[in-house]
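The values are calculated or read from the model by the stated rules, or taken from the named source; none is laboratory data. Only a predicted model underlies this, so the values are computations on that prediction, with no experimental measurement involved. So basically every Cβ, Gly included, is an ideal-geometry build from the backbone, and we count neighbours across all protein chains shown.
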Amino acid sequence: MLPTGTAIEVLTVEQIATDVNRAGDVLRGSLAAPIVVAGRVAVPRGAPIYLRALAVQSAEPPGRPAELRLALDHLGSHGHSCLLRSSSVDLAIPPGNPTCVSPGTALEFQLIAPAALPRGSRAK
């Protein structure tokens, strides 16, 4: 079980662009650091994790900054996953560049509700 308040560091795997992506899109990431619970690695660094775009605003009309709100969606692979409820991250980018997030961008979230780990995870 991942307790409320668990910090989760994520690296984006794909480009997220406000002129392409829409609210509701699920986007790929990987854990930038292991998730540790009670002194044990519960989920290793590099594990797949998925983000959801909660809000996307392109830089329209011209001169307006693009905006993006992301939250964690779920963690898991190989047919096992757990839903995650997390804080959101709000990003704004100056006018003239539709890309809000490049691959490899580090983002940090915090769980706002406990989450049951997928079967086969390391910590109970």
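Numbers for the structure displayed
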{"read-out": "Hits in the range 61-85 (condition: touching a Cys at 6+ places or on another chain (Cβ under 8 Å) and at pLDDT 90 or above)", "value": "LEU68, HIS74, LEU75"}
{"read-out": "Selection count where residues are touching a strand residue (DSSP E or B) at 6+ places or on another chain (Cβ under 8 Å) and farther than 16 Å from SER86 by Cβ, scope the range 29-54", "value": "6"}
{"read-out": "Conditions (1) free of Cβ contacts under 8 Å to residues at least 24 places away in the same chain; (2) not in a strand (DSSP E or B): number failed by PRO62", "value": "(1)"}
{"read-out": "Residue that is nearest to the chain's Cα centre (by Cα), among those in the range 1-29 that are of a type in the set (Ser, Thr, Tyr) and surrounded by 15 or more Cβ atoms within 10 Å (Cβ to Cβ)", "value": "THR12"}
{"read-out": "Candidates SER58, SER88 - the one that is of a type in the set (Ser, Thr, Tyr), out of contact with any helix residue (DSSP H, G or I) (no Cβ under 8 Å at 6 or more places or on another chain) and at pLDDT 90 or above", "value": "SER88"}
{"read-out": "Test result for ALA53, surrounded by 19 or more Cβ atoms within 10 Å (Cβ to Cβ), touching an Asp or Glu at 6+ places or on another chain (Cβ under 9 Å) and in contact (Cβ under 8 Å) with a residue 24 or more places away in the chain", "value": "yes"}
